[in-house]
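Engineer: Here's a structure for you.
The values are calculated or read from the model by the stated rules, or taken from the named source; none is laboratory data. Model, not experiment: these values are computed from the prediction. Reconstructed Cβ throughout: ideal geometry from the backbone, glycine too, with neighbour counts over all protein chains shown. Side chains included, ligands, DNA and RNA excluded: accessible areas come from the protein's heavy atoms. Shrake-Rupley method; radii C 1.70, N 1.55, O 1.52, S 1.80 Å.
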Amino acid sequence: MKTKTLLILLLIVISSVRYSYSQSADKPTISLMVWDEKAIEGASSAEFILYQVGTFKPDLAVHFKTTGTARNGYDYRIRENIQMRNSQTSIKIKPVENMLLTGNKTVTITLLPDSAYAIDPKNSTKTITIQDSEMPIVQFMLPGSNGQESAQGNVELILSKPSSEDVRIDYTVSGVLAKNGVDFNLPAGSLVMPAGTVKKTLPLNVVNNNVAEDDKTIIIKIENASNANIGVNEKHFYTIINDDGEVTRSSVYDKIYGILLGSRGGSSLGMVVEGVGQIPEIERLYGVFNEFIPCNHYDVPWSHPAGGTEDGIERQKVISTAIIDKQDRITAQDLMNVWVRDFEMEDMYNMTQPYDRTLLAYTKWGVPPEGLPKTVYGMPSDLGDHIHLTARVFHPIPIINAGDPESAIKDTKEIGRVYYELRDDDAFVWGGVYNAALTIAMLPGATVNSVIEGALKYATPEIRAEIEHGLAIADKYTDPMDKRFRVELNAMYGDESSPYYANKRMTKYIGSSIYENVTCSFAIFKLTKGNVEQAVMVANNRGRDTDCTAASAGAMAGALTGTTTIPKEWAEKMETGMLNTPYTNSHLTNKATAQALYRALQNKLKRMTEELTVAEKKYGKKLPVDDINKKKYLKLMHEIGVN
């Protein structure tokens, strides 16, 4: 009888444990994250986000407490519990404008336990800062400037108004092709703007070495400030302009510069007419559109300046920066490191799409490359399949792989995985074909036909057939601006009777499919014979996704003809536009970017040469296949003068 009683008790305990475990397993785990870490009194809000990870429980009440130097009910006001009707819920801290100089304050939220949910121990407490609007703002007078190497070089910092106390500023210094102590002398450090003053000059002490070399860039960043808040111009890019004669470079350099100017010029011009409508409306407003003018792009509270660029080039810039930093091919992790360092959430609201901001947040929260874009916290709601990013944005990938289409295709997939949920999304293959075309076009002696034929070798039969359909449309016409050409291209993707009708293939960003972007770029490239200005003009006067098609078509043309078919005034207008765009992630000039990317290509070849030397010592004449291919590639690049 005793044995039977013990057995019953044991079964009750086991059942209880199982029930308890089941209850725990069915609980959602609550993670607290910071989306936007800064708020300004009376001007902007900071934002926390609560996530239900794992099991979703609708209408879940989550409890928390607020602490910090800011007081709930006085400096801001929120309830200390929230009903989560969805798997993620925002908690915004909108500070009160008290018109008093009290200094910056903090708000800390700490999750409180409850039987209805578990708490993520790594993400249970987070803090944001409320900036006092009565404090002055310190920043650089301009985000960028330049001077001849023979000049001293100075940079101006300014305060928005005098301070009653000294303002101390801590800054860091880095360089793009510029070495501190060799090309200039400015150690990282601090400076003080005395009470009552509003300006301070920072001497750069540029070294004039009388040697022909690349333009070099000094980047100074304000890291901290006491008795002042840091403004939007927290960085200054000072370009040391070479004044000792031109550096000898291969023609590949001019093609790199052509890709950048073609893509960025196409983007700058195209964003003006994006959203205007179809061909008749563009004709009604502009006749033939082809001018750099200011515009309102998307629903943002500021106007983009003439010559400025938009979200696609913001992505292109960070890829360029990652390659320039590494001076070699990059991985997805390399790119994400630059996101975290160079993107500012507040600035991104003026320059990027929602998914860019969401991906940045995921990365800051520790999600690795293999965890993107679909994460335990969800997926960017506006990021869909088959979008054109692998072609429209990835231009630095073929640049660092000039002459090597296979490596460009490999890197397209490596970098693209942070944007596409499906690892077999056909945007990888389509983008690979496009990027292969650019690597081939960059070689001396390339022609329109050799580029097209070479790239299509990497296409599937279906992709080849679709691109050839677009090329066949181009073959009907001789005048690139023949309206019938644009109408036919638009019908290929906009007519519901077409086998390529975009609406049946896309769920988001209907006009921004990889199919339309790449096919139209090839067709425009062929009809314009690689003329950058014409390619951009055709793309921007056909309507639909103007800036993206113009960027892709312009880059492809630039890869073939370099800067020879780009109006000289484009470079100047785009540099001015960049200078007048405070929210961009980089103010590195287009020319300096091209030179630094060319230098990265040279350094990649140097690294490969060293690897080949080691392999030859190890294997002798019996080199592995990869090293044989490496040797052939190095020989090709040496023959065209990229050393």
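Engineer: Going toward the positive end of the dipole of region 395-496, with +1 on Lys and Arg Cβ and -1 on Asp and Glu Cβ, which of 463, 438, 474 do you reach last?
Structural biologist: It is 438.
Engineer: Among all the lysines, which ones have a C-alpha under 21 Å from residue 573's C-alpha, if same-chain residues fewer than 8 places away are not counted?
Structural biologist: Hits, sequence-local ones excluded: 216, 255, 317, 591.
Engineer: Once you have a ≥ b ≥ c as the square roots of the Cα gyration tensor eigenvalues for region 201-289, tell me rounded if a/c is under 1.5, and otherwise prolate or oblate according to whether a/b is larger than b/c. Working shown, then result.
Structural biologist: Values: a/c = 3.90, a/b = 1.39, b/c = 2.80.
Here region 201-289 falls in the oblate category.
Engineer: Hey, can you grab everything whose amide H is under 5 Å from the amide H of residue 126? Only 5+ residues off in sequence or another chain; H modelled, so Pro and N-termini drop out.
Structural biologist: 109
Engineer: Also: What does the highest-first list of 154-161, 530-537 look like by mean Cβ count within 10 Å?
Structural biologist: Per-residue Cβ counts within 10 Å, averaged per peptide and sorted highest first, yield 530-537, 154-161.
Engineer: Restricting things to alpha carbons, tell me how big region 547-643 is in terms of Rg and Dmax, in Å.
Structural biologist: Taking only Cα atoms of region 547-643, I get Rg and Dmax of 19.1, 57 Å.
Engineer: Would you mind getting me the FRET efficiency between residue 482 and residue 508? Use the beta-carbon distance for r and R0 = 30 Å, nearest 0.05. Let's see the in-between values first.
Structural biologist: On the way: r = 32 Å, r/R0 = 1.07.
After rounding, the FRET efficiency stands at 0.40.
Engineer: Same structure, new question: State the percentage of accessible surface on the chain attributable to carbon and sulfur atoms; use a 1.4 Å probe and exclude ligands, DNA and RNA. The partial results should precede the final answer.
Structural biologist: Working: 14570 of 27600 Å².
Summing carbon and sulfur atoms, their accessible area is 53 percent of the total for the chain.
Engineer: What are the DSSP H helices in the chain that stretch 30 Å or more along their long axis, judged by alpha-carbon atoms, and whose average Kyte-Doolittle hydropathy comes to at least 0.5? Can you show the working numbers first?
Structural biologist: Numbers: long enough: 2-26 (36 Å, 0.62); 251-273 (33 Å, 0.66); 590-619 (43 Å, -0.91).
Membrane-span-like by this rule: 2-26, 251-273.
Engineer: Rounded to whole Hz and in sequence order, give me ³J(HN,Hα) for region 222-230 from the Karplus expression 6.51 cos²θ - 1.76 cosθ + 1.60, θ = phi - 60°, writing x for Gly and Pro.
Structural biologist: 6, 8, 9, 9, 9, 6, 7, 9, 8
Engineer: If you take the beta carbon distance between residue 606 and residue 90 as r and set R0 to 41 Å, what does 1/(1 + (r/R0)^6) give as a FRET efficiency, to the nearest 0.05? Walk me through the intermediate numbers first.
Structural biologist: Values: r = 49 Å, r/R0 = 1.19.
Efficiency at R0 = 41 Å is approximately 0.25.
Engineer: Hey, if you put +1 on the Cβ of every Lys and Arg and -1 on every Asp and Glu Cβ in the chain, which of 449, 189, 278 ends up farthest toward the positive end of that dipole?
Structural biologist: 189
Engineer: Also, I was wondering about something else. Add -39500 (n - 2.57) for each DSSP H run of 4 or more in the chain, then divide by its residues: what number comes out at 222 nm, to the nearest 500 deg cm²/dmol?
Structural biologist: Values: 20 runs with 267 residues, N = 643.
Helices in the chain give a 222 nm mean residue ellipticity of -13000 deg cm²/dmol.
Engineer: Per-residue HN-Hα couplings for region 54-62, Karplus 6.51 cos²θ - 1.76 cosθ + 1.60 at θ = phi - 60°, whole Hz, x for Gly and Pro?
Structural biologist: So the J values, rounded to whole Hz, are x, 5, 9, 10, x, 6, 7, 8, 10.
Engineer: Using +1 on the beta carbon of Lys and Arg, -1 on that of Asp and Glu, and nothing else charged, what's the dipole of region 45-202 about the Cα centre, debye to 20?
Structural biologist: On the way: 16 positive and 15 negative charges, 91 e Å.
Value, rounded to 20: 440 debye.
Engineer: Specify whether the C-alpha gyration tensor of region 375-517 places it in the rounded, prolate or oblate class, a ≥ b ≥ c being the square roots of the eigenvalues: rounded for a/c under 1.5, otherwise prolate if a/b is larger than b/c and oblate if not.
Structural biologist: On the way: a/c = 2.18, a/b = 1.10, b/c = 1.99.
Oblate is the answer for region 375-517, as a/c is 1.5 or above yet b/c matches or exceeds a/b.
Engineer: Same structure again: Just checking my list [x] 17, 45, 30, 6, 1, 0; [y] 20, 55, 24, 1; [z] 16, 45, 27, 10, 1, 0 against P(r) over Cα pairs in 20 Å bins from 0, in percent computed from this structure; which label fits?
Structural biologist: Only one listed value fits the structure, namely [x].
Engineer: Right, here's the next one. In units of 2.2 N^0.38 Å, what is the alpha-carbon radius of gyration of region 20-170? Walk me through the intermediate numbers first.
Structural biologist: Values: Rg = 21.2 Å, N = 151, 2.2 N^0.38 = 14.8 Å.
In units of the globular-protein estimate, region 20-170 measures up at 1.43.
Engineer: Apply the Debye scattering formula to region 385-439, with a single equal point scatterer on each alpha-carbon and no solvent, then give log10 I(q)/I(0) at q = 0.20, 0.29 Å⁻¹.
Structural biologist: -0.55, -1.11
Engineer: Still on this structure, I have one more. Region 616-643 to region 102-141: how many Å between their Cα centroids?
Structural biologist: 55
Engineer: Separate question: Using a/c under 1.5 as the rounded threshold, could you call region 50-92 rounded, prolate or oblate? The axes a ≥ b ≥ c are square roots of the C-alpha gyration tensor eigenvalues, and prolate needs a/b larger than b/c, oblate otherwise. Could you put the intermediate results ahead of the total?
Structural biologist: Values: a/c = 2.97, a/b = 2.66, b/c = 1.12.
Because a/c hits 1.5 or more and a/b exceeds b/c, region 50-92 counts as prolate.
Engineer: Which trypsin sites (Lys or Arg not before Pro) in region 401-492 pass both tests, a DSSP loop state and at most 16 other beta-carbon atoms within 10 Å?
Structural biologist: Numbers: sites: 410, 413, 417, 423, 457, 464, 476, 483, 484, 486; in loops: 417, 423, 457, 476.
Passing both the DSSP loop test and the Cβ count: 423, 457, 476.
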